[in-house]
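Only one structure is covered here, and it is reproduced in the block below.
What follows is calculated from the coordinates using simple rules that are stated; it is not laboratory data. Predicted, not measured: the structure shown is a model, and the values here were computed from it. No Cβ is skipped: glycine too gets one built from the backbone with ideal geometry, and neighbour counts run over all protein chains shown.
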Amino acid sequence: MKGLHLMQLPREVLLGEDLKGEVVNVARRLGLGEKALILYGPRTKGIAGKDVEDSLKSEYEVVSLTVRKGATMEEVERTIDLIKDESADWVIAVGGGSIIDVAKLASFKTGVPFISFPTTASHDGIASANASIRDLGAKTSVKAVPPIAVIADVKVIKTAPYRYLAAGVGDTISNLTAVKDWQLAHRIRGEYYSEYAASLSLMSAKMVMRNADIIRLGNEESVRKVIKALISTGVAMSIAGSSRPASGAEHLFSHALDMLLDKPALHGEQTGLGTIIMAYLHGMKWERVRETLKRVGAPTTAYELGIEPEIIIEALTIAHTIRPERYTILGKDGLTREAAEKAAKITGVI
């Protein structure tokens with residue numbers, strides 16, 4: 001239909017403490033079916049997965065699946081097969097970004113709803129419609145559906161290493177350059193632009209920047225601040241109908257690192273580094289981005305991530321090829337090696 005713009009949003013978002021037993025009430029309120037499939041990882045099963053599963057068994061028929069290989073198409077296909085074989089009515093993912101991404105894409109392909117129960121606050125995938133799958137040539141985002149509900153248990157998320165929370169800040173701050181790229185594409189390519197979605201995305205980034213000192217404490221209040229920002233970012237993407245409000249050249253840089261490295265760093269750590277560099281290229285106050293990341297204890301140099309300077313430079317020069325249809329500050333021809341090295345050195349990344 002001409003002029004139609006579809007927005008898919010979570011129907012419920014719960015943020016609080018001791019929420020493992022609340023899944024039953026959420027499922028009941030949403031009128032979900034009688035058979036549930038719960039996904040967790042080997043570690044997140046013990047952190048929260050088994051407790052959620054035991055709670056659900058009081059009212060629902062539950063089948064479980066342990067995701068062992070991360071966000072891969074193999075795991076997505078295993079989940080799809082189990083949904084079909086067991087005639088599961090809905091899915092709940094208890095874990096980090098990889099577990100949630102597997103559930104997200106499998107639920108999209110099978111047409112069943114899913115609930116997101118994050119155990120870390122490391123990136124905005126906990127509430128967005130986009131799934132990052134590793135073995136699709138590069139680790140790029142594919143369109144799926146947002147969760148029907150997000151249940152964020154502050155006590156559970158707080159048990160994760162602080163590094164994950166700092167990475168969540170890195171992913172949220174990347175909204176600053178993502179929106180700049182979106183505005184650029186709107187002006188140069190006439191690409192659709194939503195001022196409302198962009199404003200919500202920028203608000204989330206600015207909120208974590210204002211609260212950097214609080215977040216550094218790593219307590220319950222810190223988790224609440226970051227989770228709210230990540231969920232708001234996910235909503236911004238749903239409103240936009242794309243990942244544009246939160247994914248620009250800094251994400252292409254991160255995806256390029258994923259291609260070049262056998263063991264990449266956390267997604268939010270890489271996008272944080274990318275945001276420093278892209279803010280410099282945009283002529284923004286990149287020093288403020290770097291300072292905020294330092295204040296929350298997130299890495300701001302390749303050395304801190306254990307990445308060789310040469311890899312940073314190469315990633316910058318190939319980043320524009322990851323999603324050639326997505327126009328960013330890198331342009332269609334990308335950066336020369338000289339320009340990439342200069343940007344990385346000036347910003348102190350290398």
Taking Cα centroids, how far is the range 1-74 from the range 291-310 in Å?
34
State the extension gain, in nm to one decimal, for the chain segment bounded by residue 155 and residue 135, taking 0.36 nm per residue of separation less the distance between their alpha-carbons.
3.9 nm
Need the list of lysines near residue 345 for cross-linking: C-alpha distance under 30 angstrom, and skip anything on the same chain fewer than eight residues off.
139, 180, 206, 263, 285, 294, 332
At q = 0.08, 0.10, 0.17, 0.19 Å⁻¹, base-10 log of I(q)/I(0) for the range 162-346 (Debye sum, equal scatterers on each alpha carbon)
-0.22, -0.35, -1.03, -1.28
Which value at 222 nm does the chain reach when only helices count, each DSSP H run of 4 or more adding -39,500 (n - 2.57), with the total divided by all residues and rounded to the nearest 500 deg cm²/dmol?
-15500 deg cm²/dmol
Antiparallel bridges, percent of DSSP beta bridges restricted to the chain (to nearest 5):
20
Take peptides 113-126, 208-221 and line them up by average Cβ neighbours within 10 Å, highest first, as a rough protection proxy.
113-126, 208-221
Report the paramagnetic label zone for residue 35: residues of the range 54-77 whose backbone N is under 11 Å from a point 7 Å from Cα along the Cα-to-Cβ axis.
61-63
Taking square-rooted eigenvalues a ≥ b ≥ c of the alpha carbon gyration tensor, is the chain rounded, prolate or oblate, where a/c under 1.5 means rounded and, failing that, a/b exceeding b/c means prolate?
prolate
Roughly speaking, what is the stretch gain from residue 210 to residue 74, that is 0.36 nm per residue apart minus the C-alpha to C-alpha distance, in nm to one decimal?
44.9 nm
Of the DSSP H helices in the chain, those whose Cα atoms cover at least 18 Å axially and whose Kyte score averages -0.5 or more
97-110, 195-210, 220-240, 267-282
